[in-house]
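Asks: One structure, pasted below without further comment.
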Ligand code: TRP
């Protein structure tokens with residue numbers, strides 16, 4: 001039966017796929033900036049603590065529930081108790097929302113990569129970026145292209161599509177990142193960027209830094225929407241789950257670090273200020289590459305690696321609704337992929353047009369459509385989903401059944417299970433309540 005819904009060919013294949021999901025735009029454009037803004041190494045330290053204490057805990061719970069139930073998000077929760085399927089449904093909704101805007105940024109990256117063959121972004125990168133994203137239909141074309149690329153891999157199934165794609169793209173991404181990192185830190189004037197990234201400034205750690213570090217750990221590990229749960233459901237009992245739950249965050253953190261070294265020293269060496277998100281990736285970096293010898297080559301390498309990072313994450317998001325249609329409604333995988341891709345791309349179009357004249361002026365609660373979808377999914381639905389997961393595994397399904405699954409019936413020892421239980425039942429839910437309260441504005445008095 002498990003073969004009908006697919007299975008990873010090895011633990012290594014699963015780890016590559018799950019790390020591929022984790023490593024994404026969060027690592028490339030958010031982590032380096034957050035580290036710089038919140039006191040460099042001081043933030044990195046905080047991030048590492050949350051990664052070990054909360055990230056690993058919840059990741060292990062999510063993979064374990066998936067493998068225990070061998071079902072998609074909705075049915076996995078339903079198998080614990082019929083009344084819990086809404087948690088999986090909420091996760092599915094969040095995944096669809098995240099993918100709808102992730103596809104937009106994926107399209108931007110694809111467009112920038114293709115620009116290499118036209119000699120890079122000549123002239124003013126800021127004007128270039130502004131003109132591109134505000135065009136009434138050009139970005140939609142690239143968004144569709146990126147979604148088609150995502151569908152192309154997911155349609156080929158678990159071992160032959162998702163696993164194979166990740167086994168090629170993840171090592172490729174690492175090699176490109178190391179090349180760029182070496183280039184960046186050896187530039188004259190790189191020291192200022194290394195300082196900005198790594199010099200610990202504990203005076204910059206505020207309550208806001210704590211919330212930022214927690215939220216970043218959560219988003220970066222793809223937790224709370226059933227992504228890791230779904231990937232875990234394609235594992236068999238021969239895999240050591242706790243080893244997987246340690247390797248995936250290690251790879252994710254390593255890439256976040258390398259991204260810091262690849263991006264910040266170069267940005268500083270050419271006298272730019274690091275800015276958050278789109279500004280850093282699509283304006284400052286192209287400007288940096290413009291001034292670097294053989295810059296267009298490094299420009300190409302960077303956007304190829306960003307493309308891999310985005311694609312390995314988007315396929316994990318598309319697999320969430322696809323696995324539900326295949327498991328619960330016996331749809332053929334091909335039909336499920338095509339329908340989901342079309343629906344999600346359509347939902348993404350208003351986000352794509354949020355940067356242009358058509359919808360740019362349209363705001364709800366002061367946010368554009370793009371920002372609203374991002375906010376609702378990442379800051380509201382994800383923490384709620386993560387909280388529910390902790391409660392379901394920690395109290396309802398129960399620690400005993402979870403530990404039986406983690407050890408594969410005693411085959412793989414799990415000595416720290418008491419600490420894990422405490423983290424899952426008390427510490428992690430508390431942390432998620434904090435993230436949620438901050439997101440909806442109830443912790444403002446701390447700032
Ligand atoms: N973790 C990815 C990143 O860092 C994004 C991502 C993929 C994601 N799948 C997810 C985020 C599921 C939340 C939930 O960019």
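Asks: In this structure, does residue 403 turn out to be at pLDDT below 95 and over 30 Å from residue 120 (Cα atoms)?
Replies: Answer is no for this residue.
Asks: Look at residue 133 and say whether it is over 29 Å from residue 349 (Cβ atoms) and more than 16 Å from the ligand (Cβ to nearest atom).
Replies: Criteria not met by residue 133.
Asks: Could you list, in sequence order, all residues of the range 1-43 that are at pLDDT below 90, in contact with a helix residue (DSSP H, G or I) (Cβ under 7 Å, 6 or more places away or on another chain), away from the ligand (no atom under 16 Å from the Cβ) and in a helix (DSSP H, G or I)?
Replies: 5, 36, 41, 42 - these are the residues of the range 1-43 that are at pLDDT below 90, in contact with a helix residue (DSSP H, G or I) (Cβ under 7 Å, 6 or more places away or on another chain), away from the ligand (no atom under 16 Å from the Cβ) and in a helix (DSSP H, G or I).
Asks: Mind telling me which of the residues 422, 373 ends up being over 20 Å from the mean Cα position of the chain (by Cα) and outside any loop (DSSP other than H, G, I, E, B)?
Replies: Every option except 422 fails the conditions.
Asks: Select from the range 175-186 the residues that are in contact with a helix residue (DSSP H, G or I) (Cβ under 8 Å, 6 or more places away or on another chain) and surrounded by fewer than 18 Cβ atoms within 10 Å (Cβ to Cβ) and list them in ascending order.
Replies: 178, 179, 185
Asks: Let me ask something additional. Does residue 247 satisfy being surrounded by 24 or more Cβ atoms within 10 Å (Cβ to Cβ), in contact with a helix residue (DSSP H, G or I) (Cβ under 9 Å, 6 or more places away or on another chain) and part of a helix (DSSP H, G or I)?
Replies: No: the conditions fail for residue 247.
Asks: Output yes when any residue across the range 137-144 is in contact with a helix residue (DSSP H, G or I) (Cβ under 8 Å, 6 or more places away or on another chain) and within 21 Å of residue 32 (Cβ to Cβ), and no when none is.
Replies: No, there is no match, as no residue in the range 137-144 is in contact with a helix residue (DSSP H, G or I) (Cβ under 8 Å, 6 or more places away or on another chain) and within 21 Å of residue 32 (Cβ to Cβ).
Asks: Does the range 339-349 include one or more residues that are in a helix (DSSP H, G or I) and more than 23 Å from residue 89 (Cα to Cα)?
Replies: Within the range 339-349 (the criterion being in a helix (DSSP H, G or I) and more than 23 Å from residue 89 (Cα to Cα)), the answer is no, since none of the residues qualifies.
Asks: Go through (1) closer than 17 Å to residue 301 by Cβ; (2) modelled with pLDDT of 90 or more and name the single condition residue 284 misses.
Replies: Among (1) closer than 17 Å to residue 301 by Cβ; (2) modelled with pLDDT of 90 or more, residue 284 violates only (2).
Asks: Within the group 106, 172, 165, 181, which residue is within 16 Å of the ligand (Cβ to nearest atom) and closer than 21 Å to residue 256 by Cβ?
Replies: 106 is the lone residue from the list that is within 16 Å of the ligand (Cβ to nearest atom) and closer than 21 Å to residue 256 by Cβ.
Asks: When residue 235 is evaluated against the numbered criteria (1) assigned to a helix (DSSP H, G or I); (2) away from the ligand (no atom under 16 Å from the Cβ); (3) modelled with pLDDT of 85 or more, which criterion, by number, is the only one it fails?
Replies: (1)
The values are calculated or read from the model by the stated rules, or taken from the named source; none is laboratory data. Just so we're clear, the structure is a prediction, and the values are computed from it rather than from any experiment. Cβ sites come from the backbone with ideal geometry, for glycine too, and all protein chains shown count toward neighbours.
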